[in-house]
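Peer 1: Just dropping this structure here.
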Amino acid sequence: MAKGILQLKRVGGGMNKLILAIETSCDETSVAVVRDGEILSNVVFSQLDLHKAYGGVVPSIARVAHENKINEVLKEALEVANVALNQVTHIAVTQGPGLAIALEVGIRKAKELAAEYKLPLLGVNHMAGHLYSALDLKNADWEFPALGLLVSGGHTEILVLEDLYSIRKVGQTLDDACGEAFDKFATMLGLEYPGGPQISKLAGQSRSQLDIRLERDQQTLFVKGYAAGDEELKYQLPIPMANSGDLNMSYSGLKTAAKQLINELSGVSHKLDIKQTGRAEKLTEEQIGELCVMFEEAALRTLVLKLEAALKQFPAQELLLGGGVAASPRLRDLIAEFATKSQVRFHIAPDRALLTDNAGMIGLAATVALRQLEEQGKISENIAKLYNLNDFEQMDRMPGWDL
Ligand code: KG4
Ligand code: ZN
């Protein structure tokens, strides 16, 4: 019998797709069961506590933790969904981008299951997962083009969807990702890794202390923080790339400016090597809270400015927001305000657990890929790749995904 797609038990067609999805690209071990676009279970084991002491994710620790947890997470995902492995119709796994040795753990497990149960295997683009986390597959009433904004610890990018399956990256960060910049700034303030959620919380508590204005000094657009009810300017930070004229972002200038601000407020000479300073030991709690307001505002405003510019170039009706930083209430407020003003419909996952890394979003992207296969007989290269029993070995080679 010829080897290939037909040899597999069930492929694509019709409804009743029961996808088992696996995600191990970074520091979350996650397995989900997704039936026809509905998430039946989405179990996530976060390794955060294992990496905290190092101030970031350590790949070798991540790999061992994925290996130790994957079977338990798989079992729980099946139990919660009340599904047995022999009912599953497709296996999906994050194939990239991510930490190679962490990805391998999920890929190995996915191959093992697909071989044992003779199922088609989908290697899914992690960023397509973040994007489709915002998609309500039951509501087909969409207008294209649509804009996507993905903001995570590893990526910050603007995408254009010409249709449901054609995704193009039109802007991205030139250096740090937005979440990464939050985490680094948090470290300067002496906050624990990952700092994004803490900055968000402290900023929320301190926002009313400052009157925030966007003001331009010559060429630079600044976020300026005035004492509430007063005309006293307390702090200012530049909004990165406000005048770059393209859709790219950058966080290195903001990070340096934030470091200088911390040094000035701490009374540390900014003539010192900047890398060794930017520590918040001498700041008051009030100052730390207010600096969180300032940094958050500058880091997020650049995203809104870039979306505004993107909308001029690509007149979209829909806007999808995804990635871990979308858990930020301030970002959601700013994007919602922008969407109302610009008359675009704003979409975000209904559940916060779908924003940070999770297998549910990988199952959703796999669902979109299978729908495309059904409708068009192909899967867009930057969403997923379909592997059959005889080409599982090729799966180790990461496709050059550009999202
Ligand atoms: O998508 P994600 O879970 O992992 C990656 O694929 O990178 O995103 C994690 C990032 C971290 O940098 C974290 O600090 C940031 O998302 N993050 C936040 C918030 N919650 C998570 N950043 C700002 N405000 C938040 N509320
Ligand atoms: Zn991610």
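Peer 1: In segment 42-55, is there at least one residue being assigned to a strand (DSSP E or B), polar (S, T, N, Q) and surrounded by fewer than 22 Cβ atoms within 10 Å (Cβ to Cβ)?
Peer 2: So in segment 42-55, the residues assigned to a strand (DSSP E or B) come out as 42-46.
Filter again for polar (S, T, N, Q), leaving 42, 46.
From the residues that got through so far, the ones that are surrounded by fewer than 22 Cβ atoms within 10 Å (Cβ to Cβ) too are 46.
Within segment 42-55, one or more residues are assigned to a strand (DSSP E or B), polar (S, T, N, Q) and surrounded by fewer than 22 Cβ atoms within 10 Å (Cβ to Cβ).
Peer 1: Just checking: which of the strands (runs of 3 or more DSSP E) contained wholly in segment 131-211 hold 2 or more residues that are touching a Gly at 6+ places or on another chain (Cβ under 7 Å) and within 16 Å of ligand 2 (Cβ to nearest atom)?
Peer 2: On the way: elements: 146-151, 156-163, 166-172.
Counting at least 2 such residues, we get 146-151, 156-163.
Peer 1: Given the criteria in a helix (DSSP H, G or I), under 22 Å from Leu261 (Cβ atoms) and open to solvent by less than 40 Å² (accessible area, probe 1.4 Å), does Ala326 qualify?
Peer 2: For Ala326, the condition - in a helix (DSSP H, G or I), under 22 Å from Leu261 (Cβ atoms) and open to solvent by less than 40 Å² (accessible area, probe 1.4 Å) - is not met.
Peer 1: Filter segment 350-378 down to the residues that are in a helix (DSSP H, G or I), open to solvent by less than 30 Å² (accessible area, probe 1.4 Å) and in contact with a helix residue (DSSP H, G or I) (Cβ under 7 Å, 6 or more places away or on another chain), then identify the one that is farthest from Leu121 (Cα to Cα). Even if it seems obvious, please write down each step before you answer.
Peer 2: So the first thing to find is which residues in segment 350-378 are in a helix (DSSP H, G or I), and the list is 352-354, 359-376.
So of that shortlist, the ones also open to solvent by less than 30 Å² (accessible area, probe 1.4 Å) come out as 354, 359-370, 372.
Still in the running and in contact with a helix residue (DSSP H, G or I) (Cβ under 7 Å, 6 or more places away or on another chain): 354, 360-362, 364-365, 368.
Values: Leu354: 22, Gly360: 16, Met361: 16, Ile362: 12, Leu364: 14, Ala365: 13, Val368: 14 Å.
Only one residue tops the list, namely Leu354.
Peer 1: Please determine, by comparing only the residues of segment 129-162 that are under 24 Å from Arg35 (Cα atoms) and buried (at least 24 other Cβ atoms within 10 Å of the Cβ), which one is nearest to ligand 1 (Cβ to nearest atom).
Peer 2: His130
Peer 1: Identify all residues within segment 176-224 that are free of Cβ contacts under 8 Å to residues at least 40 places away in the same chain, among the hydroxyl-bearing types (Ser, Thr, Tyr) and open to solvent by less than 60 Å² (accessible area, probe 1.4 Å); write none if there are none.
Peer 2: If the condition is that a residue be free of Cβ contacts under 8 Å to residues at least 40 places away in the same chain, among the hydroxyl-bearing types (Ser, Thr, Tyr) and open to solvent by less than 60 Å² (accessible area, probe 1.4 Å), then Thr220 is the only one that fits.
Peer 1: I've got another one for you. Among Lys341, Lys312, which is open to solvent by 30 Å² or more (accessible area, probe 1.4 Å), closer than 28 Å to Gln209 by Cα and either of a type in the set (Lys, Arg) or in contact (Cβ under 8 Å) with a residue 24 or more places away in the chain (or both)?
Peer 2: Working: Lys312 fails: closer than 28 Å to Gln209 by Cα.
Criteria check complete, one pass: Lys341.
Peer 1: Looking at segment 81-128, which of the residues that are outside any helix (DSSP H, G or I), among the hydrophobic types (A, V, I, L, M, F, W, C) and open to solvent by 10 Å² or more (accessible area, probe 1.4 Å) is nearest to ligand 2 (Cβ to nearest atom)?
Peer 2: Start the filter on segment 81-128 by keeping residues that are outside any helix (DSSP H, G or I), which leaves 82-84, 88-99, 118-125.
Remaining after also requiring among the hydrophobic types (A, V, I, L, M, F, W, C): 83-84, 88, 91-93, 99, 119, 121-122, 124.
Narrowing the set further to residues that are open to solvent by 10 Å² or more (accessible area, probe 1.4 Å) leaves 83-84, 99.
On the way: Val83: 25, Ala84: 29, Leu99: 11 Å.
For segment 81-128, the residue satisfying everything is Leu99.
The values are calculated or read from the model by the stated rules, or taken from the named source; none is laboratory data. Values in this document were obtained by computation on a predicted structure and should not be read as measured data. Cβ: placed from backbone, ideal geometry, glycine included. Neighbour counts: every protein chain shown. Side chains are part of the model used for accessible areas, which takes the heavy atoms of the whole protein and leaves out ligands, DNA and RNA. Shrake-Rupley method; radii C 1.70, N 1.55, O 1.52, S 1.80 Å.
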